[in-house]
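Down below is the structure, laid out as structure tokens.
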Amino acid sequence: MPGVELNFSQPITDRVFETISGIIGQVVLKVRGQDLAAMTTAADALRERLSAVPGVADLALYQAGSVPQLRIELDREALARRGLAVEDVQTTIRVALGSAVATEVWDGERRHGVALRLPDDVRADPAALRRLVVSEPDRGVTLGEVATISLGPGRAAIWREDFTRFVAVKFNVRGRDLGSTVKEAQAAVGEVPLGEGLQLVWSGEFKNQDRAMRRLALSFPAALAAILGILFLNFGRLRPTLIIAAFLPLACFGAVAGLRLAGELFSVSSAVGCIALLGQVVLSGVVLCGAIDRAAAEDRGSAAIEGPRAALRPVLLTTALALLGLVPAALSHAMGSETQRPFAIAIVSGLLVATPVMLVLLPLLYRGDARREGGEP
């Protein structure tokens, strides 16, 4: 259907985008200024340039519809030559087009105002409006003598932000990460010349993601330091702490590999999933080391075998419980899955990679460490 633009989205997602930038779209580019024609021209040029950026989808001007408008531009010099005041002519136009209460009638005890205005066919006809008398009847000055009247398309809505007009270009990102797409889009937009008095403002989901990533850049090392500190307090020695910590990069590698295989991009949700994954891997490591220590207290020679055997069931049950709870979210494509799915995939894939390797290697490394500390050959 001509003039109709189709965008497939979800109500919750649209509400979030509207809260962030006031416009439905992951990324919004606002052209601010006062001249609507210049702003629209600049927005069209920006849209043309953005269409060549890989990953950009649903690219469009935001609600750029038009409606028929009747435009009447008064000629102040012509009004002055005929001795007419602008206010008087505007009052005549307002009454003719919009109506005014001329008198009142009574219906029993109820009073009703009687409004007068020109017929609909006359109000929509510029030629008929030009014959409208705007002075005293004896002078016979018509509207066409003191004004220019035209009928043409006009904007259906004029958007404002911070008391400034703007025209918005919005788009979503598909098949590519949001950050790199926005960077390339900003580079492409920077090559478009803007008119005088125009200003570009970027907004949208990527702003929140950028802020969240900066916070994660601080919180992730802090969480890792807290984990290592708790491990050291638990064992009272540095070597067991480092042995368990050696499996954390492996778990993160598994999480990233799982995201890549699933076609998901590393996001705030998946980063939070990696933090949760580290806690799960550390828990399994502590259970294994504790079982080895208890077995070594009875028979140091068989501790590397008996310890993992005793810890196998709790480690596997804990891991299986996490997998059973997160696999449905990792496989889901329902509403809200764009947030839940990366989180679940990061944890599930990280556990599937780290847990088997930890069950095999950690007893050997920890037993070797115990032998060195105990002075055994």
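Quick one: count up the residues across region 70-93 that are basic (Lys, Arg) and in contact with a strand residue (DSSP E or B) (Cβ under 7 Å, 6 or more places away or on another chain).
Keep residues of region 70-93 that are basic (Lys, Arg), which gives 71, 76, 81-82.
Add one more test, that the residue is in contact with a strand residue (DSSP E or B) (Cβ under 7 Å, 6 or more places away or on another chain), and what stays is 71.
Qualifying residue count, region 70-93: 1.
Quick one: Glu191 ticks every box in (1) surrounded by 12 or more Cβ atoms within 10 Å (Cβ to Cβ); (2) not in a helix (DSSP H, G or I) bar one, so which box is it?
Unmet for Glu191, out of (1) surrounded by 12 or more Cβ atoms within 10 Å (Cβ to Cβ); (2) not in a helix (DSSP H, G or I): (1).
Condition test on Leu228, is it in contact with a Ser or Thr (Cβ under 8 Å, 6 or more places away or on another chain), modelled with pLDDT of 85 or more and assigned to a helix (DSSP H, G or I)? Before you say what the answer is, go through the steps one by one.
Details: in contact with a Ser or Thr (Cβ under 8 Å, 6 or more places away or on another chain): yes; modelled with pLDDT of 85 or more: yes; assigned to a helix (DSSP H, G or I): yes.
When the stated conditions are applied, Leu228 passes them.
Any residue that is of a type outside the set (S, T, N, Q), more than 30 Å from the chain's Cα centre (by Cα) and over 24 Å from Asp210 (Cα atoms) - is there at least one of those in region 250-262?
Applying the first criterion (of a type outside the set (S, T, N, Q)) to region 250-262 yields 250-262.
Retained after the next criterion (residues that are more than 30 Å from the chain's Cα centre (by Cα)): 250.
If we keep only those that are over 24 Å from Asp210 (Cα atoms) as well, we get 250.
Yes: region 250-262 contains one or more residues that are of a type outside the set (S, T, N, Q), more than 30 Å from the chain's Cα centre (by Cα) and over 24 Å from Asp210 (Cα atoms).
Conditions (1) in the same structural domain as Leu29 (by TED's automatic domain parsing); (2) not aromatic (Phe, Trp, Tyr), marked per residue:
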| position | (1), (2) |
| --- | --- |
| Leu118 | no, yes |
| Val122 | no, yes |
| Ala127 | no, yes |
| Gly195 | yes, yes |
| Gln199 | yes, yes |
| Trp202 | yes, no |
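If a residue has to be surrounded by 12 or more Cβ atoms within 10 Å (Cβ to Cβ) and either modelled with pLDDT of 90 or more or over 21 Å from Val189 (Cβ atoms) (or both) to count, how many in region 8-30 make the cut?
The initial filter retains those residues of region 8-30 that are surrounded by 12 or more Cβ atoms within 10 Å (Cβ to Cβ), namely 9-10, 13-14, 16-18, 20-30.
With the extra rule that they be either modelled with pLDDT of 90 or more or over 21 Å from Val189 (Cβ atoms) (or both), the set shrinks to 9-10, 13-14, 16, 18.
Qualifying residue count, region 8-30: 6.
Test each condition in (1) under 24 Å from Gly25 (Cα atoms); (2) in a strand (DSSP E or B) for Gln209 and report the one that comes out false.
With (1) under 24 Å from Gly25 (Cα atoms); (2) in a strand (DSSP E or B) applied to Gln209, the lone miss is (2).
Scan region 74-91 and give yes if some residue there is under 49 Å from the mean Cα position of the chain (by Cα), more than 27 Å from Glu196 (Cβ to Cβ), surrounded by fewer than 16 Cβ atoms within 10 Å (Cβ to Cβ) and of a type in the set (Val, Ile, Thr), otherwise no.
yes
Every residue in region 45-97 that is under 30 Å from Ser180 (Cβ atoms) and out of contact with any helix residue (DSSP H, G or I) (no Cβ under 8 Å at 6 or more places or on another chain), please. Don't jump to the end; show me each part of the working.
Of the residues in region 45-97, the ones under 30 Å from Ser180 (Cβ atoms) are 45-64.
Matches in region 45-97: Ala45, Arg47, Glu48, Ser51, Ala57, Asp58, Tyr62, Gln63.
Could you tell me which residue of region 94-104 is surrounded by the fewest Cβ atoms within 10 Å (Cβ to Cβ), considering only residues that are assigned to a helix (DSSP H, G or I) and touching a strand residue (DSSP E or B) at 6+ places or on another chain (Cβ under 8 Å)?
We begin by selecting, within region 94-104, every residue assigned to a helix (DSSP H, G or I); these are 94-98.
Next, from what is left, pick out any that are touching a strand residue (DSSP E or B) at 6+ places or on another chain (Cβ under 8 Å): 94-95, 97.
Details: Arg94: 12, Val95: 16, Leu97: 16.
It comes out as Arg94.
Collect the residues in region 34-64 that are in a helix (DSSP H, G or I) and free of Cβ contacts under 8 Å to residues at least 60 places away in the same chain, keeping them in residue-number order. Can you show your working first?
Residues of region 34-64 in a helix (DSSP H, G or I): 36-50.
Those that are in a helix (DSSP H, G or I) and free of Cβ contacts under 8 Å to residues at least 60 places away in the same chain: Ala37, Asp44, Glu48.
Identify the residue in region 146-204 that is out of contact with any helix residue (DSSP H, G or I) (no Cβ under 8 Å at 6 or more places or on another chain) and of a type in the set (Ser, Thr, Tyr) and, among all such residues, is farthest from Ala124 (Cα to Cα).
Ser180
Can you pull out the residues in region 202-242 that are touching a residue at least 60 places away in the same chain (Cβ under 8 Å) and charged (D, E, K, R)? Even if it seems obvious, please write down each step before you answer.
Keep residues of region 202-242 that are touching a residue at least 60 places away in the same chain (Cβ under 8 Å), which gives 202-208, 237, 239-240.
Those that are touching a residue at least 60 places away in the same chain (Cβ under 8 Å) and charged (D, E, K, R): Glu205, Lys207, Arg237, Arg239.
I need the full set of residues from region 319-369 which are of a type in the set (Phe, Trp, Tyr) and either within 23 Å of the chain's Cα centre (by Cα) or loosely packed, with under 13 Cβ neighbours inside 10 Å (or both), in order please. Full working, then the answer.
Let us first name the residues in region 319-369 that are of a type in the set (Phe, Trp, Tyr), namely 343, 366.
Scanning region 319-369 gives a single hit, Phe343.
For residues in region 166-180 being more than 16 Å from Val268 (Cβ to Cβ) and within 18 Å of the chain's Cα centre (by Cα), which is surrounded by the most Cβ atoms within 10 Å (Cβ to Cβ)? Give the steps one after another, and end with the answer.
Here is the first cut: in region 166-180, the ones more than 16 Å from Val268 (Cβ to Cβ) are 166-172, 174-176.
Of the ones still in play, those that are also within 18 Å of the chain's Cα centre (by Cα) are 168-172, 174-176.
Working: Ala168: 24, Val169: 27, Lys170: 24, Phe171: 24, Asn172: 22, Arg174: 12, Gly175: 11, Arg176: 15.
Top of the filtered list is Val169.
So, in region 197-234, how many residues would count as being among the aromatic types (Phe, Trp, Tyr) and in contact with a strand residue (DSSP E or B) (Cβ under 7 Å, 6 or more places away or on another chain)?
First pass over region 197-234, keeping only residues among the aromatic types (Phe, Trp, Tyr): 202, 206, 220, 232.
Still in the list and also in contact with a strand residue (DSSP E or B) (Cβ under 7 Å, 6 or more places away or on another chain): 202, 206.
Qualifying residue count, region 197-234: 2.
Whether any residue in region 130-137 is in contact with a helix residue (DSSP H, G or I) (Cβ under 7 Å, 6 or more places away or on another chain), within 30 Å of Arg81 (Cα to Cα) and part of a helix (DSSP H, G or I) is what I want to check.
Within region 130-137, one or more residues are in contact with a helix residue (DSSP H, G or I) (Cβ under 7 Å, 6 or more places away or on another chain), within 30 Å of Arg81 (Cα to Cα) and part of a helix (DSSP H, G or I).
Would you pick out the residues in region 215-266 that are in contact with a Phe, Trp or Tyr (Cβ under 7 Å, 6 or more places away or on another chain) and more than 25 Å from Glu338 (Cα to Cα)?
Scanning region 215-266 gives Leu238, Pro240, Thr241, Ile243.
Filter region 195-206 down to residues that are over 8 Å from the mean Cα position of the chain (by Cα) and outside any loop (DSSP other than H, G, I, E, B), then give me how many there are. It would help to see each step written out before you state the result.
So the first thing to find is which residues in region 195-206 are over 8 Å from the mean Cα position of the chain (by Cα), and the list is 195-203.
Still in the running and outside any loop (DSSP other than H, G, I, E, B): 199-203.
Number satisfying all stated conditions: 5.
For (1) within 22 Å of Ile345 (Cβ to Cβ); (2) of a type outside the set (Ser, Thr, Tyr), each residue gets a yes or a no:
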site	(1), (2)
Gly204	no, yes
Leu216	yes, yes
Arg237	no, yes
Thr241	no, no
Leu261	yes, yes
Val272	yes, yes
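The values are calculated or read from the model by the stated rules, or taken from the named source; none is laboratory data. This is a predicted model, so every value here is computed, not measured. Counting neighbours? That spans all protein chains shown, and the Cβs are built from the backbone with ideal geometry, glycine included.
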